[in-house]
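Working notes, structure below.
The values are calculated or read from the model by the stated rules, or taken from the named source; none is laboratory data. All values reported here derive from a predicted model rather than from experimental measurement. Using ideal geometry, Cβ is built from the backbone for each residue, glycine included, and neighbour counts are taken over all protein chains shown.
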């Protein structure tokens, strides 16, 4: 039975051996040794400050771009999806947003303020924190194009303000100071660009018509290679509908792998490897996976 404990000095919930399959969009993943859901930053700072220095810490949002292996995660998983949800207009075309704000919510509110370009955020699953961590994008726009500054918390519970210059930012890639996680961002929009709800609706309809929404997946599995599209390469290699165990390459969008029949994380990872190797053999393209794969394999 899952153990649940409230630490005397903590207000958040601390669980032990919590199955990550309950928290990832792929509906797979072994147990987290500890799973802590803080109520606010002060609660999180207190928790992090009391951790042993060698305890692994894994920051977790909505789990929409994540594959947790079947053996699970050691140390502590910080469940941050309820941590920082503030969203406010702070100036001319400036927005302060908590990392737990969903990208769809951010897009809708920015459109109400007529801040553009913001419609593209509706095409990004998950939270702003996840979008910051990987420079997520959609329809030719990227998250960090809009970032003026960010606020982070480190593994000792210290809060820091940082600028884009503190990070090496690339396509679906962000490298910055280690052991820090995003808790807030200040975003700057372009006064010359008008945002409309119609444009957002069109993007959402396109997403709905081209992606297997409603089925367990992690979004796009591979990054698009320079000058090409991963989905086209996978489809032309004849891989749509290919299965390993309970995992399947979507017949609707070839760059999606879906959990169709109680797949294990091992099934999904094996299918990712098979797709990569097949595309490399067929097209000579070495696809880089966009999904984050963490944890250990079952021995």
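Residue 120 fulfils the conditions (1) in contact (Cβ under 8 Å) with a residue 40 or more places away in the chain; (2) within 30 Å of residue 57 (Cβ to Cβ); (3) outside any loop (DSSP other than H, G, I, E, B); (4) touching a strand residue (DSSP E or B) at 6+ places or on another chain (Cβ under 6 Å) except for a single criterion, (2). So, in the stretch 171-193, how many residues would count as being part of a strand (DSSP E or B) and more than 16 Å from the chain's Cα centre (by Cα)? Count: 3. In the stretch 31-57, how many residues are in contact (Cβ under 8 Å) with a residue 40 or more places away in the chain, under 16 Å from residue 292 (Cβ atoms) and surrounded by fewer than 22 Cβ atoms within 10 Å (Cβ to Cβ)? Qualifying residue count for the region: 1.
Checking each residue in the stretch 194-214 for being surrounded by fewer than 16 Cβ atoms within 10 Å (Cβ to Cβ) and not in a helix (DSSP H, G or I) picks out 194, 196, 213, 214. Taking strands (runs of 3 or more DSSP E) as the structural unit, those lying wholly within the stretch 32-99 and holding at least 3 residues that are within 27 Å of residue 146 (Cβ to Cβ) and in contact with a strand residue (DSSP E or B) (Cβ under 8 Å, 6 or more places away or on another chain) correspond to 57-60, 87-91, 94-98.
For beta carbons closer than 6 Å, sequence separation of 6+ or different chains, a first residue in the stretch 284-296 that is under 14 Å from residue 274 (Cα atoms) and a second that is in a strand (DSSP E or B) and modelled with pLDDT of 95 or more, the qualifying pairs are 287/222; 289/222.
With the structure loaded, tell me whether residue 200 is in contact (Cβ under 8 Å) with a residue 12 or more places away in the chain, at negative phi and touching a strand residue (DSSP E or B) at 6+ places or on another chain (Cβ under 9 Å) or whether it fails that test. Taking the combined requirement at face value, the residue does not satisfy it.
Within the stretch 219-235, identify whether any single residue is touching a strand residue (DSSP E or B) at 6+ places or on another chain (Cβ under 6 Å) and assigned to a helix (DSSP H, G or I), and answer yes or no. Yes, the stretch 219-235 contains a residue that is touching a strand residue (DSSP E or B) at 6+ places or on another chain (Cβ under 6 Å) and assigned to a helix (DSSP H, G or I). Looking across 164, 125, 191, one residue alone is modelled with pLDDT under 90 and in contact with a strand residue (DSSP E or B) (Cβ under 9 Å, 6 or more places away or on another chain). It is 125. Checking every residue in the stretch 129-152 against the condition of being surrounded by 17 or more Cβ atoms within 10 Å (Cβ to Cβ) and farther than 20 Å from residue 189 by Cα gives at least one match. Only one entry of 194, 141 meets the criterion of being outside the structural domain of residue 55 (by TED's automatic domain parsing) and either under 17 Å from residue 59 (Cβ atoms) or touching a residue at least 40 places away in the same chain (Cβ under 8 Å) (or both), and that entry is 194.
Against the criterion of being farther than 24 Å from residue 60 by Cβ and crowded, with 17+ Cβ neighbours inside 10 Å, residue 182 does not qualify.
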